[in-house]
Amino acid sequence: MRTIVLKEEAQSSKSTIFCGEGAFEKELPRFLAGYPQKLIFTDSNVERLWGARIREVLGDVPVFVMPAGEEHKTEETLFSLLKAMAEQQLHRTSCLVMIGGGVVGDIGGLAAALYMRGIACFQVPTTLLAQVDSSVGGKTAIDFLGIKNLVGAFNQPEAVFADPCFLSTLPPREVRCGLGEMVKHGALSEELFETLLARRNELAALDVPADLIADNIAFKASVVAQDAKESGLRKSLNLGHTTAHALELAQKTRSHGECVLLGTIFEAELARRHEKCDDGYLHELVSLCKEVLGGIPALPPAKEWTPLALLDKKNTERGTVVVTAPVARGTYRLIALPFAEYAREAEEIQARLC
Ligand SMILES: NC(=O)c1ccc[n+]([C@@H]2O[C@H](COP(=O)([O-])OP(=O)(O)OC[C@H]3O[C@@H](n4cnc5c(N)ncnc54)[C@H](O)[C@@H]3O)[C@@H](O)[C@H]2O)c1
Ligand SMILES: [Zn+2]
């Protein structure tokens, strides 16, 4: 078991992250013992697969179950949860326990921040993406008016329990989704990149070693600790994401992590054309992305998806696309491209890749 303490440099708040076998079964009950009143918040898939085990470990705690899926990351679900919290008569000294993927964590964290102006919450991330990414850093949100994560708050859980036991029921698509963010972390950290390369065969087989999950959590925690409110360094976590979001919007069936892997490939190639790069390194990074993807999938024509990159929040000037691209081991650059140039080069890169 590894314990990572996330202490934000600029804030007094502190969150402890337990990573490894036993985090759920042994550590969580110890923390919850101090709370006489609590509510578990989960989704329908996790309830179906893990509900019995959750009750075995945590006893007879009331549970609020949301329907699974991003399409339910809405104000309706948020307010149904707040209603359930009120019906259970949770008070200031109660806590909310979120057990699920990033959707459950994001909505639950926001509800805990809003209810009585803030009650304690604990997060048990059950997807790989939630373990290595969304449960670390205290960002919470719901989608609103069709815009992703439009309404949210920063709210650190008291503690996070990232237990690999939950990953045994995760479908391959969701494993790959988390791997996308792990490879992105590797592109930002020289040390992690070496470890990912050394374990590439396991990763390509979608077998994710528990120590690598802990290394990724520690990396994200170190970035957040230095820049909790995303004014500088935390923006590096957008690597590959401008192109990823465009691809994701254009083909809703592809998972976010798959699009992050594809986005990293495209943006590495764009970097090669515009910056002084370490070519050998970019070649290694791109081949790692391809291995984890299991090959480049068919993509819609570039003309269809490239305009969607104009919607990215990083773009500061109209008509310009900004990408956070890898250039050398552990090093990235923000590259601003006029849209016509981004679109033309993306089309050329796609023609070569597919
Ligand atoms: N807060 C942040 O910093 C942050 C960072 C990245 C992503 N996010 C958010 O996270 C969300 C994506 O998270 P996600 O990929 O975990 O999605 P998700 O919560 O929708 O989970 C994906 C699917 O896996 C199922 N599932 C969960 N645990 C399972 C298990 N152990 N076994 C089998 N199935 C299981 C879920 O029911 C769902 O169908 C997005 O809404 C995104 O905006 C937030
Ligand atoms: Zn992402």
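Residues of region 237-251 that are surrounded by fewer than 19 Cβ atoms within 10 Å (Cβ to Cβ) and of a type in the set (S, T, N, Q): GLN251 alone. Looking only at helices (runs of 4 or more DSSP H) that fall completely inside region 143-230, which ones have 1 or more residues that are open to solvent by less than 10 Å² (accessible area, probe 1.4 Å), within 13 Å of ligand 1 (Cβ to nearest atom) and touching a Phe, Trp or Tyr at 6+ places or on another chain (Cβ under 9 Å)? Result: 172-188.
Of the residues in region 107-118, not one is away from ligand 2 (no atom under 16 Å from the Cβ), part of a strand (DSSP E or B) and more than 19 Å from LEU179 (Cβ to Cβ). Across region 268-279, the qualifying residues are those that are touching a residue at least 60 places away in the same chain (Cβ under 8 Å) and open to solvent by 10 Å² or more (accessible area, probe 1.4 Å), and the one among them that is nearest to LEU170 (Cα to Cα) is GLU269.
Checking the stated criteria, THR126 turns out not to satisfy the condition of being over 25 Å from SER13 (Cα atoms), within 20 Å of the chain's Cα centre (by Cα) and either surrounded by 24 or more Cβ atoms within 10 Å (Cβ to Cβ) or away from ligand 2 (no atom under 16 Å from the Cβ) (or both).
The rows are residues; the columns are (1) open to solvent by less than 60 Å² (accessible area, probe 1.4 Å); (2) within 23 Å of ALA198 (Cα to Cα); (3) modelled with pLDDT of 95 or more.
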| site | (1), (2), (3) |
| --- | --- |
| GLY263 | yes, yes, yes |
| PHE266 | yes, no, yes |
| TYR281 | yes, yes, yes |
| LYS290 | no, yes, yes |
| ALA302 | yes, no, yes |
| ASP312 | yes, no, no |
| VAL327 | yes, yes, yes |
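Applying a threshold of 8 Å to beta carbon distances and a minimum spacing of six or more residues, or different chains, the list of pairs starting in region 238-261 at a residue that is within 15 Å of LEU308 (Cα to Cα) and within 13 Å of ligand 1 (Cβ to nearest atom) and ending at one that is acidic (Asp, Glu) and part of a loop (DSSP other than H, G, I, E, B) reads HIS241/ASP312; HIS245/ASP312.
Determine if region 40-52 includes at least one residue that is more than 17 Å from ALA130 (Cβ to Cβ) and either outside the structural domain of GLY152 (by TED's automatic domain parsing) or more than 16 Å from ligand 1 (Cβ to nearest atom) (or both). Within region 40-52, none of the residues are more than 17 Å from ALA130 (Cβ to Cβ) and either outside the structural domain of GLY152 (by TED's automatic domain parsing) or more than 16 Å from ligand 1 (Cβ to nearest atom) (or both). The set of residues in region 107-121 being in contact (Cβ under 8 Å) with a residue 60 or more places away in the chain and either surrounded by 24 or more Cβ atoms within 10 Å (Cβ to Cβ) or within 15 Å of PHE79 (Cα to Cα) (or both) consists of ILE107, GLY108, ALA111. Of the helices (runs of 4 or more DSSP H) contained entirely in region 243-354, those carrying at least 1 residues that are β-branched (Val, Ile, Thr) fall at 256-274, 279-293, 339-353.
Considering only region 272-299, how many residues are within 24 Å of the chain's Cα centre (by Cα) and either outside the structural domain of LYS184 (by TED's automatic domain parsing) or more than 16 Å from ligand 2 (Cβ to nearest atom) (or both)? Total satisfying the criteria: 13. Counting only strands (runs of 3 or more DSSP E) that sit completely within region 35-106, those holding 2 or more residues that are away from ligand 2 (no atom under 16 Å from the Cβ) and open to solvent by less than 40 Å² (accessible area, probe 1.4 Å) correspond to 38-43, 95-100. I'd like to know if region 162-180 contains one or more residues that are within 11 Å of the chain's Cα centre (by Cα) and either of a type in the set (Val, Ile, Thr) or more than 16 Å from ligand 2 (Cβ to nearest atom) (or both). No; the residues of region 162-180 include none that is within 11 Å of the chain's Cα centre (by Cα) and either of a type in the set (Val, Ile, Thr) or more than 16 Å from ligand 2 (Cβ to nearest atom) (or both).
The values are calculated or read from the model by the stated rules, or taken from the named source; none is laboratory data. Everything quoted here is computed from the prediction, not taken from an experiment. Every residue, glycine among them, receives a Cβ derived from its backbone with ideal geometry; neighbour counts consider all protein chains shown. Please note that ligands, DNA and RNA were not included when accessible areas were found on the heavy atoms of the full protein model with its side chains. Shrake-Rupley method; radii C 1.70, N 1.55, O 1.52, S 1.80 Å.
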